[in-house]
1. What pairs come out if I take residues in the range 45-57 that are closer than 16 Å to Leu23 by Cα and free of Cβ contacts under 8 Å to residues at least 40 places away in the same chain and pair them with residues that are in a strand (DSSP E or B) and among the aliphatic types (A, V, I, L, M) whose C-beta lies under 8 Å away, six or more apart or interchain?
2. Limited to the range 83-107, what total is found for residues that are more than 20 Å from Asp131 (Cα to Cα) and in contact (Cβ under 8 Å) with a residue 24 or more places away in the chain?
3. Could you please find all residues in the range 261-306 being closer than 28 Å to Leu22 by Cβ, basic (Lys, Arg) and modelled with pLDDT of 95 or more?
4. Does Leu273 count as in the same structural domain as Ala181 (by TED's automatic domain parsing) and among the hydrophobic types (A, V, I, L, M, F, W, C)?
5. Any residue in the range 234-242 that is farther than 23 Å from Gly195 by Cβ and not in a loop (DSSP other than H, G, I, E, B)?
6. Quick one: in the range 172-207, which of the residues that are of a type in the set (A, V, I, L, M, F, W, C) and in a loop (DSSP other than H, G, I, E, B) is surrounded by the fewest Cβ atoms within 10 Å (Cβ to Cβ)?
7. Taking into account only those residues within the range 132-171 that are among the aliphatic types (A, V, I, L, M) and part of a strand (DSSP E or B), which is surrounded by the most Cβ atoms within 10 Å (Cβ to Cβ)?
Amino acid sequence: MRTVRNVHERVIQAPAEAVGALLDRLSSPDDPLSPSPVWPPIRFDGPLAVGAVGGHGFVRYSVAAYEPGRRIRFDFPPPENGFHALDVEPLADGSCRVRHVLEQRQNLKEALVWSLAIRPMHDAMIEELLDNVVRAATPAAPLTPFRWSRWPRLMHGLVWDRPTAVAPPVGAELAHRAWPAPDYADAYQLPLDPGMPRTPEAWSGVLPFPVVASTPTELLLGKDASHLDFRASVLVADDKVTLTTVVKTHNWRGRLYFGAVRLLHPAMARLMLRRTHRRLAFAAPSAPERLAGEGRLAGQGSVGRSTAGQRLAPVQEEAR
């Protein structure tokens, strides 16, 4: 067994009280720090308080200690061990240091998974969270955002949500109206995290077909041919995006053609929806930018200074 201690920290040119107020909003509906939608949002089964259980994505933990405006500690559940914590430390010049620490005892298998897969993604997520601290506390300051290397980007792509097969939703009215009895229909769905676009027009690039109809929640793409007609509906509703496909064949050539295409269609539909979902997540504004645009950043810009947060040893790690 070994103990891994992973540390990220940033000096923020704003008072600790202002940055601590941002920390207290972690996991709330107006959370300015979670780097969603590129990363799953931090969520708990209740307000941020000792005993709250939740996590982000497949990483689960509970709030073990909470000092409002200063520190939060999250413990991993059994049989895992260890913790991660965020704290805000006032500095003598009126600025503050924000630090994230992860500490965990790992066996050989856990150490291998951590080194190859988890740590690259963890480092990227925490650096993006610290970027959000800078954006929220000092919005007028220049910031050079964290830049991903190829390995964490690859790992991130491998763990991205995969579409789930569902019945064509009732809300996909344009798809249902296309043909009362299509020769083929399927649907795939993904959740929409905070920051993902909620207008169907943003999803028009999911498939390379022209738009034939639209409603405030649904976009219908399609193309007609002599052998078959094809429609793809993109429905954005209930914090989900659903891609529904309906096909109507006209003759034996259409049935023969689609008989071959349908072998690849499910995989391609999932791939195109997943690829568009991830592309739009990376293109989305950060949480502080979204909240500022909605007037929900609570005037944090008034406390910031003229320089951005300073990266001090962005990643420190030791194993013992």
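The values are calculated or read from the model by the stated rules, or taken from the named source; none is laboratory data. These numbers were taken from a predicted model, which means no experiment stands behind them. Every residue, glycine as well, gets a Cβ built from its backbone with ideal geometry; the counts of neighbours run over all protein chains shown.
1. Leu48/Val63; Leu48/Ile72; Ala49/Val63; Val50/Val63; Val50/Ala64; Val50/Ala65; Ala52/Val63
2. First, pick out the residues of the range 83-107 that are more than 20 Å from Asp131 (Cα to Cα): 83, 92-93, 103-107.
Still in the running and in contact (Cβ under 8 Å) with a residue 24 or more places away in the chain: 103-107.
Adding up the residues that qualify gives 5.
3. Passing the criteria: only Arg278.
4. On the way: in the same structural domain as Ala181 (by TED's automatic domain parsing): yes; among the hydrophobic types (A, V, I, L, M, F, W, C): yes.
Yes, satisfied.
5. Our first condition is that a residue be farther than 23 Å from Gly195 by Cβ; within the range 234-242, this holds for none.
No - not one qualifying residue is present in the range 234-242.
6. Narrowing the range 172-207 to residues of a type in the set (A, V, I, L, M, F, W, C): 172, 174-175, 178-179, 181, 185, 187, 190, 192, 196, 202-203, 206-207.
Then drop every residue that is not in a loop (DSSP other than H, G, I, E, B), which leaves 172, 179, 181, 192, 196, 207.
Numbers: Ala172: 24, Trp179: 14, Ala181: 7, Leu192: 18, Met196: 20, Leu207: 19.
Per the stated criteria, the residue is Ala181.
7. Our first condition is that a residue be among the aliphatic types (A, V, I, L, M); within the range 132-171, this holds for 133-134, 136-137, 140-141, 143, 154-155, 158-159, 165-167, 170.
From what's left, part of a strand (DSSP E or B): 165-166.
Numbers: Ala165: 11, Val166: 14.
Per the criteria, the residue is Val166.
One line per residue, one yes/no per condition, for (1) surrounded by fewer than 19 Cβ atoms within 10 Å (Cβ to Cβ); (2) closer than 21 Å to Ala181 by Cα:
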site	(1), (2)
Lys240	yes, no
Thr244	no, yes
Arg262	yes, yes
Phe282	yes, no
